[in-house]
1. Report the net charge of residues surrounding Phe18, where surrounding means a beta-carbon distance below 13 angstrom and charges are Lys +1, Arg +1, Asp -1, Glu -1.
2. Excluding Gly117 itself, calculate the net charge of residues whose Cβ lies under 13 Å from the Cβ of Gly117, where each Lys or Arg counts +1 and each Asp or Glu counts -1.
3. Given H placed 1.01 Å from N in the peptide plane, which residues other than close sequence neighbours of Arg141 have an amide H under 5 Å from its amide H?
4. Which order results if Trp119, Trp129, Trp174 are arranged by neighbouring Cβ count within 10 Å, fewest first?
5. Can you check what the net charge comes to around Asp150, using other residues whose Cβ is under 9 Å from the Cβ of Asp150 (Lys, Arg +1; Asp, Glu -1)?
6. Mind listing the long-range amide H neighbours of Tyr185? Cut-off is under 5 Å, sequence gap 5 or more, other chains count too, H placed in the peptide plane at 1.01 Å from N.
Amino acid sequence: MRLAAISAAGLALFAWPFTGLGAPGTAAAAAVSIGCVVVLLAVETMSRRLDTRGLAVIAAIAAIDSALRLALVFGIGGFSPMFLLILCAGYAMGAEFGFLCGATTLLVSALVTAGVGPWLPYEMIAAGWVGAAAGLAGARRRGRSPARRDVVVLAVVGVVSGFAYGAVMDVWDWTFFRGAADFGYVTGLGAGAVATRFTHFYLATSLMYDCFRAVGNAVLVLLVGLPILGALVRLRRRHTVVIEDRVSAAA
């Protein structure tokens, strides 16, 4: 329920340009404020339900991904290796853990790479959704240890989330920079016209770029996903690194 509530608030952050409400500058500032509140709420409510081992896993993943992002700050097209650990963590440890891992990773890596700005709440929520999607897919995992089937499933999630991450992050680009006059963001249009403009913007500016992210996610998962999943599943099983209600667990 916590993840659903936070995701609903995040969806409002990304959906506001399609309502036609407010001037771009004013509405954008309000959206960033809402995004900051959503991210802080997510981190606070989820992290306090983790024990020290769970927090240590997230800190380690965030540190590794920050180093990868710093080393490959420009990436190859939209590809970034940091999504590999976010996907694996979510698949092995659950949707809420995956969301928290993705959001924290983007926050830490932004601090390391000097990438802090009004776009950061968008990035944190979008990356959190990548981890959460992997967690939802992992909820159907069978057996005590990951198998090749799990790697294939996670690779598919990596492809879909690679395009989805780029599409939702385009809302930021489209809203704040607006682009060309024929498909840039403007207020006062109907929902259909706004959606058409955004579709044209995405196809013209990001589709090919996002292909690198989607394919890169799948390739990395297929190459090294199995041992990473195995290590995370064993860690979860051995140390019960699970987000849970402590009161219910004690009862």
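No lab work stands behind these numbers, since they all come straight from the coordinates. What you see is a predicted model, and the numbers here were worked out from it, not measured in a lab. Note: ideal-geometry Cβ built from the backbone for every residue, glycine included; neighbour counts use all protein chains shown.
1. That sum, taken over residues with Cβ under 13 Å, equals 0.
2. Local net charge: -2.
3. none
4. Trp119, Trp174, Trp129
5. Residues near Asp150 contribute +4 overall.
6. Correct list: Arg178.
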